[in-house]
Each structure stands twice: as structure tokens, then as C-alpha cells.
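Note sheet for the following structure.
The values are calculated or read from the model by the stated rules, or taken from the named source; none is laboratory data. Not measured: the values here are computed from a predicted model. Here Cβ is always computed from backbone atoms with ideal geometry, including for glycine, and neighbour counts include all displayed protein chains. All accessible areas refer to the heavy atoms of the entire protein, side chains included, with ligands and DNA or RNA removed. Shrake-Rupley method; radii C 1.70, N 1.55, O 1.52, S 1.80 Å.
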Amino acid sequence: MITFEKVSVRYSGAPSDTLTDVDLVLPPGEFCLVVGPTGSGKTTLLGAATGHVPHFTGGLLRGRVLVGGRDTRTHPPRELADVVGAVGQRPMDGFVTDSVEDEMAFVMESLALEAAVMRRRVEETLDLLGLADVRRKSLAELSSGQQQRVAIGAALTAHPQVLVLDEPTSALDPGAAEEVLAALHRLVHDLGVTVLLSEHRLERVVQYADSVLSLTAPGQPLQYGPPGDVLAQSLVAPPVVALAKLAGWSPVPVSVRDARRLAPTLRKRLGDAAPAIRAPGNGDRPPRAAVLSARGVWQRYRRGPAVLRGVDLDVRAGEVLAVMGRNGAGKTTLLSALQGGLKPERGTVSLDGSPVRAATSRDRRRSVSLVPQEPGDLLYLDTVHAECAQADGESGAAAGITLALLSRLIPGLDEGTDPRDLSEGQRLCLVLAIQMAGLPRAVLLDEPTRGLDYAAKDRLTEILIDLARAGTAVALSSHDVEFVAATADRVVVLSDGEIIADAPTPEVVLSSPTYAPQVAKILAPASWLTVRQVEAALRARGPLASNEALR
Amino acid sequence: MNTSTDRPLIGRWSSAARLPGAQSLRARLPTHPLAWWIWALGLAAAASRTTNPLLLLLIVAAAAFVVAARRPMTTWARGFRAYLIFGLVVVAIRTVFHIVLGGGYGETVLVGLPEIALPEWTAGIRIGGAVTAEGLASAVYDGLRLATLLVCVGAAVTVADPRRLLKSLPGALYEAGLVVIVAVSMAPTLIESAVRVRRARQLRGSSARGLRAFRSIAMPVLDQALGRAVALAAAMDARGYGRVGSLTAGARRTSAALLLAGLLGLCLAAYGLLDAATPGTVAVPALVVGVAASVTGLVIGSRRMVRSRYRPDRFDPRSALVAGCGVAIATLFFLTEFSGDPVSHPSTFPLLWPQLALLPLLGIAVAALPGVLSTPVEPPPDQAHSTQGRPESVRSVRVGP
């Protein structure tokens, strides 16, 4: 269905090829997952399959890409619209109209289908994706999972043979992501659509995939094959595969269900060992003292319903607190209220006992810093160096502090780079360094893991734990259960503006299937959360036993 | 390539040939947006033919009545009150200007403001001076006429979403129409992005104002807007926007030239018809030539676009009725003015109480009819769904866990 013949792509001005000599034949009806670290050329590969590269992006493509028998060299994306459907990371950016039905009809109008055919296909697609209830709503009113399903439906009404999706679930909470993936699963099984999908959070997707395409770095050969085999050798792997490698399971399982069948041996090996609990940091202050505390905070926007309903929360020195919950549960609002940028309608937020809003925004910047969901919002200068110098000035820190912090986060970054050219992970680190320049008492992060690969997330975990050890209070909001399990000491679950759970991480995540990390699901009922904990416990038990001893 | 047939590329789609609900929707076809615009422009044309404040207020009342009865339940339609307020502001501004820069004719002096002496060469302009009842009345009448025109446009925007009107444009204007639609829907996201960036600036402790603050907010906002525009263009490209039809470059140019000429002709004609001083000998031929050129251009240009329309609005008899009401009020007001009846332009010098007459009143009554005669609006989405009555076979399939 999709054929790559000796395909190489080089963007203009780039020193080397982004893709080199890619040969690939994707059979019809296959769900293929594209994996690889940031910058390995995933987006370029997907773009080449839709004709987006090079018709839209520019650059030089050598070799040949055939999609449904059509050569992308002679067919620009608009002439492929009836064969390939493309879905992006942010559905709102790609919407042309503002109502669900019109959006779905757009591609069919371009293809000049008859009115009766269009009407029928819209109805079928609404049912297929479970969107019939919201058909008359405007797109902005939908939840993000619904928006992403509309985007898929908008591509699907053309009856394409291939769907290409670039990180379709990266902005979604676990429930919404599950909705979208289940819809895709159905398309593959019922309609035989070929799906090419890229994703950073493999643990969500890999069990749906028939095959995995692994990219390592520009210029390196790619691997393509059954998920278990490819992921066992890939640079990026979900926790289940990492655990399998640790335990020496073969064949490598990719789903929690398969892994659980192999788990008893590992459980036996771990015996009665318990996961090590990280000691809370103390710094120079008594631990567990509340730095930020919210009391009875209510918040609403305009005349809408309340977003926060009487929230009581302490963010303590030396701990990492994770705020979880559905999209729209009030996580972002809660962080803004804690930072003091938002005036609560009722209730108080205090910093070390005094009202946080009493301080000017300049002073507040030095004591409580917030990294917003779009780190790019904070950046406006031309070079990394200029941004850092500006941050030193703003926070009253000695010159060079921000740069020093940054070089600890990302060693060897060129100071002359334009912040807009940085990768998502690098930009996050830059903003983190800028916000930490004043050595604040509390650091708040809103969805920091969006667009980060596993290596970058591990790095962020280390950074945040170091911060907490030094006595800073850290609070973050996240949908990423694996990241939260590895990073947070305490988890708060928000639902409809109310706190419905507030307890140490293991207690919260182990009691809920939605928030449980893969390792916990595999090794239940023991309370292991991360591969690292298991690894440390095994190491403490002595050298790795041979496979025979396991059986 | 024959794209007009339904090629079952993927097979196995359940093919419910005709969906229920289609029938019930046809039974209450919404009024065509073009009909609403003709109605509103008819009201506006009528308002432009009179300075009688009583008639103008009655026109506003008729428009408000129809809007109240037929306003759709969308966010778009909540703006009518803003047009009313804007209209009041216009009247106020016109009055204040008259008082300050007064044209002091008339004898009934209400207030004697001090007059500022201006040099000789500013003849005709004065600041301050006596405010007369006659001058004031004439200013208020004038402002009221302008406000009424505004309210009429507001009524059209409220009852007929301009985006729906753009959907019914001929194919040659489709691309231009889509640009407008996209721009309209981009505006809220741009504002949202500016708000977010401004909040982010505060996170960095910035209290900068003026040009520096502008730069630090404008840069990320523009950056994001540009990124979004590129993403949108890519998405539109991927969804077949701009697939080429079979029109030669020559025909395309002819179409553009004819359209331009037609528009010029229409402008001339509109000016001629609305400005009483221009003789009809200019207006009528300009109108004929303009319409002919536009239609030819549109027909040639529309052949270029290989597109179809999803659920196009249809101009049913009820829509014709709504449009007819607009034409009727305009005609009656024109007739009244043409007959020289002083009811159209009540005298302000000497200042007389404005009168009413049968003909314009009849027109206003007709203009209010669409409030009862046009198709009622659909209830909001939540209720619409439950009343639609979908049988078991097509009930929504639950996807997901």
C-alpha cells in the first residue's frame, strides 16, 4: 500500500540527509507504529508518505514513494487526498470550518462528490467514531479527544486507503487517548485501512500495532518488523519491553497481558523485596513544611461553571507533587492560582504563610515560578544567550546564572541558537533554566512531558528530583502515568475542580487502572512502579541469575 | 477521473441508503441566508429614504422583533444587542458634534454656548454658539437614520450567519469566501494566544509597558499565528483544497476581468440609485451592464472549480417570502418619497411634529412579517438530537472502552 524505494530526504541548508536510503513495503490493512527518539526523522517519514515532503516543506527527495499506486513525485498532497488521509498533533490547527459536519464534508467537497453520497458518508463516519451526539456542536466546544476524532473523521470521509497520523494522542489524557486509539483499532479491523502512526508514549499504542518501524538517528538504517523483536533492539522502548529485557523474557511481550503471563518467575525472583522509597529532600529547612498552601480556592471563568471548587492543597518543601485528572479538570487553573497569576474568586493561596498575591509579579517571579504548557510563550528574543541574560536581569540573579543552569540541563548547547530552532525538550530546559534563575522556593510545571522522548523524560525526572532534594517544592501536572510514577512523591487527582485523591504516589496509582503504570499492572499485587525500582532490587539481590534458575 | 460516483474503496461500510431524519429536516428547511440579507437590505434601503424619526424607530422595532423571534442558538447570534448600543452611540456622537461644531440655523435657541472666535479663512466652521431646537432635531434625525442602517445590518448578521451566506456563493468566489471564513475563525484563537502570552510575560516578572511590552507579546503571538497558518495550509492541501479544474489561463483572466468590470458597474449603479441628484439615465444602464458582466464572469469562473456542496441551503418559497417582505418595504418607502409626501422628510424648519402615513406603516408591518412567517429556528443541539427520532439500526456505535 505504501512503498518506499531507496528514499533519501535532505532539507535545504541541512548538512546531512534526514532520511537515508529507506526501503519499505507496507502491506494493506497494517497498523504500523513509527518509533524513534526526537530528531530521528519520524515526521519526515510520515510527511513523505502523504506527499507533504517535499511538496510543502521543500527539500530534496531522492528515490520514489508510491502510495496506493500513485507516485508522490507527480502527485502533490491535494491529488492524493482520496488515497491518503493525514491527521496532525493539534487538531484545532488543521480545522478549516467550525462545525463538526462541515469539517467532515470538506474533503468530499474538494473531491466533488455528490450531495447524497456526502450526506451518507458523514452519517456513517459520525457513527463509526461515536460522534453522532455532538454533530451540531461547534468544534471549539468539543473535548480534545472528540476534536481528534473529528480530525480523523474529516480524513476518513474521503474513504482513503491509508491514514497517516503524527502523534495523534500526545495532547490527550489517558481516557481520551484510549478513545482515539480504539477508534483507529476499529478502522484497521473493520475497514482494512492501512495506518501509519508515530508516537512518543509507546506504552499507549504498541499493543494495537501489527508492526513497528524504528528510526534511530538520521543516516542510520531503520528496522521494521514485529513489535516485540524491533522494540527489543530499539533505543526507545515502553516499560513493558524494558522490563522484559531486564528479566530476559523471550519472545519479548509488548502488551501488559502477555507480560503478566510471564511475570510469576520475576515475582518469585524479587521475593519479598519492596521498592525503595525515596527519602524526601530536606535542604536547609525542615522537610514537609508547606511552601504553598491553597485553602478553599474557588475559580470560574466569565459566567461559566466553576473550574475549581473549594480546593485545599499544600505543596511541601522537598517533595514532587503531581496533579492528574482529565483534560479540563482544572489542573492548569490550579497551577496558575498557586503561582498567584490568577486571583481566586474565593479562598486564599499563601506562600510561606503570607498571601501570594500580595507580592508584585517581579517579586513573585523570584519565589514561585511556573513553566506554562507552551514553553514557547515565554521566549521572544533571538538567541539563547539573550534570553538567559534577560532572565538574569529579571530575577535579579548574578550575570551568567541562567546560562550556568542551562548548561547543567543540556550540556554543550550553542548559545547563539535561536530558541525557535530548539527541539521541544531543549526548549523546555531553556524555559526551566529561565524560570529557575531566581532560585525559587517553588517550581510549578504545566504538562512538561508533551513531545518529549524517553531519554528527555528521564533527564527531566532527574532534574526535578535534584530540585526537590535541594528543598524546593515542585508541583507538576501531567497525563503521563509512567512519568508521574517515576517522578512524583505524592499524587493529587482532580475531577471537575475537586480533589478526589491526595496520597503518596504508590497509593494513588496502584488503586486505579487508569493511572497505574505498566510495571505495576504486570507485577500486581506487589507495589512496583518503575523498571528502575525492579532493577535496583534485583541488583541488591545479587548478580542476575541465569535463565535456568528462573525456570 | 470520475469522482462523482461513490466508489466503495473500503467496502464493508454499512450502506444505509437514505437516512431517516433527512425527511424531517426537509420539512423545516431553514430560511436561505440570502433571503435574510435581501430582507435586511430592504429595511436598510427603506431607512435610507426617510428622516422621519417615528418611521425609523418603527423600522428598528420591526428588525428587533424578527431577530427576537428567529435568532439561531449559536454564539454568533448573541451580538444584536451590541448593534443596538452601537446605534445609540452613533446618534449620541452625531448630536454632540452638532452641538460643538453647530450649524446654528433656526430661531428656538435652547442653550447659548460661548462661541470661540475663529480666523476669517475658516468661514463656515464655528465652534460653540447657540444650540437651536431646529438644528438639534435635524442632527438627531440624521444620526437616527445612520443608526437604523447599522441595526439592519446587525439584524442580518444575527439571523443569518455570514459564513452560511458565503457557503452559497457561486464557485468562482469560493476561494475568496473561504479566506474570509478562515480569517473569522482565526480571530478568537489569536486573541486567546495573546492572552496566554501576556500571562506568560507576567510569569517572567515583566512589568514592561509600551513598545517593549508590545514586542515581547507580539513576537510569540505572531510566531504562533504563522505556525498555525502553515499548519492549516498543510491540512487544507492534504484534504484536496485547490485541486485544479480544466480551465485555461485565458478563460481565468477573462473571468476575473468581467467580474471586476461588473463590480464597477454595480457600484456606479448603486450610487446612482441611492443619490437622488444623479439622473436615472446613468444608473439604469450601469446596473444592466454591471449585472450582465458579473454573471458572465461568475459563470466562466465557476466552471474552474470542481467542487460540490454539502447540504447546500435551498431557496424555498418561504425564503422567497422573506426576501419579498424586504423588497416590499423598500418599494413602499420609495413610492412615498417619490410622491412628495412630507411624511418622508418631516420639516425641521419650522420644526413640526413628524407625522405618520398609511403607505410606510404598511411597509413596516410587512417587514415584521418574517418574524411569524419564516421557518422557526432549530432548537439548540442537545434538544435537537433527542427529538430527531433515529431508529435502532443507525444508533451511534460506541467506540472505546
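Could you check segment A:256-266 and list, in sequence order, the residues that are touching a residue at least 24 places away in the same chain (Cβ under 8 Å) and surrounded by 17 or more Cβ atoms within 10 Å (Cβ to Cβ)? Within segment A:256-266, A:256, A:259, A:263, A:266 qualify. Taking segment A:521-539, which residues are within 12 Å of residue A:486 (Cα to Cα) and of a type outside the set (Val, Ile, Thr)? A:528, A:529, A:532, A:533, listed by residue number. Of everything in segment A:1-22 that is open to solvent by 60 Å² or more (accessible area, probe 1.4 Å) and among the charged types (D, E, K, R), the residue that is farthest from residue A:213 (Cα to Cα) is A:10.
Yes or no, residue by residue, for (1) facing chain B (nearest Cβ under 8 Å); (2) part of a loop (DSSP other than H, G, I, E, B); (3) not acidic (Asp, Glu):
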| position | (1), (2), (3) |
| --- | --- |
| A:53 | no, no, yes |
| A:58 | no, yes, yes |
| A:61 | no, no, yes |
| A:66 | no, no, yes |
| A:78 | yes, no, yes |
| A:82 | yes, yes, no |
| A:92 | yes, no, yes |
| A:96 | yes, yes, yes |
| A:108 | yes, no, yes |
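Being in contact (Cβ under 8 Å) with a residue 40 or more places away in the chain, away from every other protein chain (no Cβ under 14 Å) and more than 18 Å from the chain's Cα centre (by Cα): is that true of residue B:143 here? Yes.
Pairs linking a residue in segment A:120-143 that is open to solvent by 20 Å² or more (accessible area, probe 1.4 Å) to a residue that is assigned to a helix (DSSP H, G or I) and modelled with pLDDT of 90 or more, with Cβ atoms under 7 Å and 6 or more positions apart or on different chains, are A:137/A:100.
Going by what's in this entry, would residue A:160 be described as within 8 Å of another protein chain (Cβ to nearest Cβ) and either buried (at least 23 other Cβ atoms within 10 Å of the Cβ) or of a type in the set (Phe, Trp, Tyr) (or both)? Against the criterion (within 8 Å of another protein chain (Cβ to nearest Cβ) and either buried (at least 23 other Cβ atoms within 10 Å of the Cβ) or of a type in the set (Phe, Trp, Tyr) (or both)), residue A:160 qualifies. Just a yes or no: is a residue in segment B:60-83 of a type outside the set (S, T, N, Q), loosely packed, with under 15 Cβ neighbours inside 10 Å and in contact with a Leu (Cβ under 8 Å, 6 or more places away or on another chain)? Checking segment B:60-83: not a single residue is of a type outside the set (S, T, N, Q), loosely packed, with under 15 Cβ neighbours inside 10 Å and in contact with a Leu (Cβ under 8 Å, 6 or more places away or on another chain). Against the test of being under 26 Å from residue B:161 (Cα atoms), in the same structural domain as residue A:17 (by TED's automatic domain parsing) and either touching a helix residue (DSSP H, G or I) at 6+ places or on another chain (Cβ under 9 Å) or touching a residue at least 24 places away in the same chain (Cβ under 8 Å) (or both), the options A:72, A:57, A:97 yield a single qualifying residue, A:97. A Cβ distance below 7 Å, combined with a sequence gap of six or more or placement on separate chains, defines the contacts here; from segment B:90-112, residues that are part of a helix (DSSP H, G or I) reach residues that are modelled with pLDDT of 80 or more and β-branched (Val, Ile, Thr) in the pairs B:91/B:140; B:95/B:140; B:99/B:131.
Conditions (1) buried (at least 21 other Cβ atoms within 10 Å of the Cβ); (2) more than 14 Å from chain B (Cβ to nearest Cβ); (3) under 23 Å from residue A:142 (Cα atoms), marked per residue:
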{"site": "A:172", "(1), (2), (3)": "yes, no, yes"}
{"site": "A:175", "(1), (2), (3)": "no, no, yes"}
{"site": "A:178", "(1), (2), (3)": "no, no, yes"}
{"site": "A:189", "(1), (2), (3)": "no, no, no"}
{"site": "A:194", "(1), (2), (3)": "yes, no, no"}
{"site": "A:204", "(1), (2), (3)": "yes, no, yes"}
{"site": "A:207", "(1), (2), (3)": "no, no, no"}
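Of all residues in segment A:342-368, those satisfying the criterion of being within 28 Å of residue A:304 (Cα to Cα) and within 9 Å of another protein chain (Cβ to nearest Cβ) are A:342, A:361.
If the condition is being hydroxyl-bearing (Ser, Thr, Tyr), surrounded by fewer than 21 Cβ atoms within 10 Å (Cβ to Cβ) and either at pLDDT below 50 or within 20 Å of the chain's Cα centre (by Cα) (or both), then segment B:10-59 contributes B:14, B:15, B:24, B:48. Annotation note: of A:237, A:273, the sole residue that is part of a loop (DSSP other than H, G, I, E, B), under 29 Å from residue A:90 (Cα atoms) and either in contact with a Leu (Cβ under 8 Å, 6 or more places away or on another chain) or at pLDDT below 85 (or both) is A:237. Of the residues making up segment A:382-435, those that are in contact (Cβ under 8 Å) with a residue 40 or more places away in the chain, among the aliphatic types (A, V, I, L, M) and open to solvent by less than 20 Å² (accessible area, probe 1.4 Å) number 9. Checked against the criterion of being modelled with pLDDT of 90 or more and open to solvent by less than 50 Å² (accessible area, probe 1.4 Å), the candidates A:81, A:116 yield just one match: A:81.
Only residues that are under 21 Å from residue A:171 (Cβ atoms) and touching a residue at least 40 places away in the same chain (Cβ under 8 Å) were counted across segment A:465-485, and they come to 10. Are any of the residues in segment A:484-501 of a type in the set (S, T, N, Q) and either at positive phi or surrounded by fewer than 17 Cβ atoms within 10 Å (Cβ to Cβ) (or both)? Yes - at least one qualifying residue is present in segment A:484-501.
Residue-level check: of (1) within 14 Å of chain B (Cβ to nearest Cβ); (2) open to solvent by 20 Å² or more (accessible area, probe 1.4 Å), residue A:44 misses just (2).
With the structure loaded, tell me whether residue A:459 is charged (D, E, K, R), touching a helix residue (DSSP H, G or I) at 6+ places or on another chain (Cβ under 6 Å) and either part of a loop (DSSP other than H, G, I, E, B) or open to solvent by 20 Å² or more (accessible area, probe 1.4 Å) (or both) or whether it fails that test. In short, no.
Could you tell me how many of the residues in segment A:415-437 are closer than 18 Å to residue A:13 by Cβ and in a loop (DSSP other than H, G, I, E, B)?
Result for segment A:415-437: 5.
Could you please let me know if residue B:131 is in contact (Cβ under 8 Å) with a residue 12 or more places away in the chain and outside any helix (DSSP H, G or I)? Spelling it out, residue B:131 is indeed in contact (Cβ under 8 Å) with a residue 12 or more places away in the chain and outside any helix (DSSP H, G or I).
Restricting attention to segment B:166-189, the residues being in contact (Cβ under 8 Å) with a residue 40 or more places away in the chain and more than 17 Å from residue B:307 (Cβ to Cβ) number 1. Out of the residues in segment B:215-228 that are free of Cβ contacts under 8 Å to residues at least 24 places away in the same chain and farther than 11 Å from residue A:380 by Cβ, which is nearest to the other protein chains (Cβ to nearest Cβ)? Only one residue fits best here, namely B:227.
Being over 29 Å from the mean Cα position of the chain (by Cα) and more than 7 Å from chain B (Cβ to nearest Cβ) is the requirement here; does residue A:139 meet it? Spelling it out, it is not the case that residue A:139 is over 29 Å from the mean Cα position of the chain (by Cα) and more than 7 Å from chain B (Cβ to nearest Cβ). In this entry, residue B:231 passes the filter for residues that are facing another protein chain (nearest Cβ under 10 Å), free of Cβ contacts under 8 Å to residues at least 12 places away in the same chain and either within 30 Å of the chain's Cα centre (by Cα) or surrounded by fewer than 17 Cβ atoms within 10 Å (Cβ to Cβ) (or both).
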